[in-house]
Amino acid sequence: MSRITFVTLTLAVAAIAPRFTESAKILAVFPFTGPSQYMCVQSYLKTLAARGHEITSVSAFPQKSPLKNFRDITLINEYQDHDEFIISAIEEMSESKLNQLRTVRDYVIMGSLSVLKNEEFQQLLRSDAQFDLIIIEVVCQDSLYGLGEHFRAPIIGVSTFGTDVVIDELVDNISPVAYVPSPTGKHLDRMNFWQRLENLYAYTMELLYNHLVIIPEQQRYYETYFPNATLRLTDVRRDFSLLLLNQHYSLNWPSPLVPNAIEVAGMHIDHKPSKIPDDMEAFINASPIGAIYFSLGSNVKSASLPKHKLQHIMNAFASLPVNVLWKFEKTDLVGKPRNVFINKWFPQSDILAHPKVKLFITHGGMHSLIEAVHYGKPIVGMPVFYDQYLNVEKAVSKGFGLALNFRNFTSADLRDAILKVLENPKYTERAQEISASFHDRPMKPLDAAIYWTEYVLRHKGAPQMRVAARHLNFLQRHSMDTIVLLFGIPLLLIIYLIHRIYNLLLAMLRAKDSANKQQKNE
């Protein structure tokens, strides 16, 4: 949540971004049930509201107090047993690629239906409300993309996971499979033959599953909830004016991006950290050589971990010469070491900004990794599912972290990894180098997000930024029709020549045979 005043936010962005001359009505739809996705866009939406735009936000996380120019439509979590769902998802994610994709499908459906079935949202659809812009989360929420045509407004997509082969399709971006890893894989951008083959498999599975399973299901929702739609879902999917991507090449890797795909990693982080609560401050300062922060994110609950895992973690922490802040979702932890401070919630970004916090033990979620890089803190990564494996692998490959196997680590494994990072300055030095590169941009990420959002408003959807591939079918986009012609004509010519030569040789043989028979008769 943003903690600087809206006036300050407005002035900061106004210094760079020309103001959209009129107040725009904006519908923002973020259907996922996990809070981290919405946290990524809170500052962005609040800044738009501070600049005079009227925001209607559809999410499961309404504002705690009324906000000027900001209206909430609150979603009810469609999956009531969310914690149990996450626990089962962890196990399924450890199995086959197909099981991973099925888990993603279940999560996607949960998000889409929570919006489409919401009565207040349905009233909005049936009303005569008008919007100048639609902002929507773009993780396989295809049926909701019909909101652009419904309200006759341009669409901006926000991807809190960065881009992948499916998200690329929305703006016809191309991520070459030879050196752009699948987010659900474990390989980096420099791959050998077998890794490229595995990456091709991952990309193909994701693309096929999306087109054969997810999109047909979203098509049914689209037809049910947008019965008056005149555009096909395939056309709606390719009608995005802009994509805001929660990624940056300093942390990820350089890759091609079309003009309307903009990297804005870090836009959720305040420019100036806030003061942390006094009890947390005192606990950090009581640790002479620095402190550690440990969190498994908003979806995986430490309090729900098996007893043997909790014991390994506590044993490791008890053996350390530093204090540890642990995001733990219960008020009590039996056997908690004296050097451990537990709390249901920590102001994570502000904690990582503290100069005496020396290490971040993390599950490797995208937002957590971005915050670690933003503040130049090394990590010990314990990835649980989805993109977290690759996120942690990035940190390891770039030299500012170590990885542990979440499923079978021991207390000794955890202790040794922590001490190795704490005692070897190269990890912190490398984290600070990456951080410097991350910050060295012509425009701060939130400023960039606001600038390009208002650019789309100023230029009525900014069609000049869109590549022409959106008007081509699959064969045309990949030049298969011209390739067939290019190679087909020479191939037909070769076949024709072979056929003529064959007929000529056959005629010669027949003539020779006929001559031989004539000689015998004479």
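Here are a few things to note about the model shown:
- Among the residues of region 17-46, those that are polar (S, T, N, Q) and either at pLDDT 85 or above or assigned to a helix (DSSP H, G or I) (or both) comprise SER23, SER36, GLN37, GLN42, SER43.
- Residue satisfying condition, being under 26 Å from ASN339 (Cα atoms) and of a type outside the set (A, V, I, L, M, F, W, C), within set TYR375, TYR389: TYR375
- Residue in region 165-180 that is outside any loop (DSSP other than H, G, I, E, B), under 28 Å from GLN123 (Cα atoms) and among the acidic types (Asp, Glu) present: no
- When restricted to residues that are part of a helix (DSSP H, G or I) and either surrounded by fewer than 23 Cβ atoms within 10 Å (Cβ to Cβ) or in the same structural domain as LEU251 (by TED's automatic domain parsing) (or both), region 374-393 contains 4.
- Matching residues, region 274-286, being of a type outside the set (Asp, Glu) and either in contact with a Pro (Cβ under 7 Å, 6 or more places away or on another chain) or more than 29 Å from VAL384 (Cα to Cα) (or both): SER274, LYS275, ILE276, PRO277, ALA282, ASN285, ALA286
- The one condition from (1) in contact with a Cys (Cβ under 7 Å, 6 or more places away or on another chain); (2) in contact (Cβ under 8 Å) with a residue 60 or more places away in the chain that VAL166 does not meet is (2).
- The helices (runs of 4 or more DSSP H) located wholly in region 400-471 that include 3 or more residues which are under 23 Å from the mean Cα position of the chain (by Cα) occupy 425-439, 445-458.
- Within region 244-255, residues that are under 17 Å from ILE450 (Cβ atoms) sit with their Cβ atoms under 6 Å from residues that are among the polar types (S, T, N, Q), at 6+ positions apart or across chains, in these pairs: LEU245/SER159; LEU245/THR163; ASN246/THR160.
Yes/no per residue for (1) surrounded by 10 or more Cβ atoms within 10 Å (Cβ to Cβ); (2) in the same structural domain as ASP172 (by TED's automatic domain parsing); (3) under 30 Å from ILE156 (Cβ atoms):
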{"position": "LEU472", "(1), (2), (3)": "yes, no, yes"}
{"position": "ARG477", "(1), (2), (3)": "yes, no, yes"}
{"position": "ASP481", "(1), (2), (3)": "yes, no, no"}
{"position": "GLY488", "(1), (2), (3)": "yes, no, no"}
{"position": "ILE494", "(1), (2), (3)": "yes, no, no"}
{"position": "ILE498", "(1), (2), (3)": "yes, no, no"}
{"position": "ALA507", "(1), (2), (3)": "yes, no, no"}
{"position": "GLN519", "(1), (2), (3)": "no, no, no"}
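- Residue that is farthest from ASP172 (Cα to Cα), among those in region 475-522 that are aromatic (Phe, Trp, Tyr) and at pLDDT 80 or above: TYR502
- When SER302, SER295, SER274 are screened for being surrounded by fewer than 18 Cβ atoms within 10 Å (Cβ to Cβ) and hydroxyl-bearing (Ser, Thr, Tyr), only SER274 passes.
- Out of ASN260, ASN228, ASN252, one residue alone is modelled with pLDDT of 90 or more and not β-branched (Val, Ile, Thr). It is ASN260.
- Remark: ARG407 matches the filter, which requires a residue to be surrounded by fewer than 19 Cβ atoms within 10 Å (Cβ to Cβ), within 27 Å of GLY381 (Cα to Cα) and among the basic types (Lys, Arg).
So that you can scan it fast, the table gives a plain yes or no per residue for (1) closer than 23 Å to THR103 by Cβ; (2) surrounded by 15 or more Cβ atoms within 10 Å (Cβ to Cβ); (3) of a type in the set (Gly, Ala, Ser):
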residue: THR163; (1), (2), (3): yes, yes, no
residue: VAL166; (1), (2), (3): yes, yes, no
residue: ILE174; (1), (2), (3): no, yes, no
residue: PRO181; (1), (2), (3): yes, yes, no
residue: GLY185; (1), (2), (3): yes, yes, yes
residue: GLN195; (1), (2), (3): no, yes, no
residue: LEU200; (1), (2), (3): yes, no, no
residue: TYR203; (1), (2), (3): yes, yes, no
residue: ASN210; (1), (2), (3): yes, yes, no
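- Checking each residue in region 72-101 for being buried (at least 16 other Cβ atoms within 10 Å of the Cβ) and at pLDDT 70 or above picks out ASP72, ILE73, LEU75, GLN100, LEU101.
- From the options LYS344, LYS377, residue that is in contact with a Ser or Thr (Cβ under 8 Å, 6 or more places away or on another chain) and free of Cβ contacts under 8 Å to residues at least 24 places away in the same chain: LYS344
- Filter result for SER319 (among the polar types (S, T, N, Q) and in contact with a Phe, Trp or Tyr (Cβ under 9 Å, 6 or more places away or on another chain)): no
- Members of region 102-155 found to be surrounded by fewer than 18 Cβ atoms within 10 Å (Cβ to Cβ) and of a type in the set (D, E, K, R), listed by number: ARG102, ARG105, ASP106, LYS117, GLU119, GLU120, ARG126, ASP128, ARG152
- Pair list, Cβ under 9 Å, 6 or more apart: region 480-492 residue under 26 Å from ALA469 (Cβ atoms), other residue assigned to a helix (DSSP H, G or I) and aliphatic (A, V, I, L, M): ASP481/LEU475; VAL484/LEU475
- In region 60-75, the residues that are assigned by TED's automatic domain parsing to the domain that holds ASN118 reach residues that are among the aromatic types (Phe, Trp, Tyr) with C-beta atoms within less than 7 angstrom, at least six apart or across chains, in these pairs: PHE61/TYR38; GLN63/PHE70; ILE73/PHE121.
- Single residue of region 47-59 satisfying the filter (free of Cβ contacts under 8 Å to residues at least 40 places away in the same chain and part of a loop (DSSP other than H, G, I, E, B)) that is surrounded by the fewest Cβ atoms within 10 Å (Cβ to Cβ): GLY52
The values are calculated or read from the model by the stated rules, or taken from the named source; none is laboratory data. Quick caveat: nothing in here was measured; it's all calculated off a predicted structure. Cβ atoms come from the backbone with ideal geometry, glycine included; neighbour counts cover every protein chain shown.
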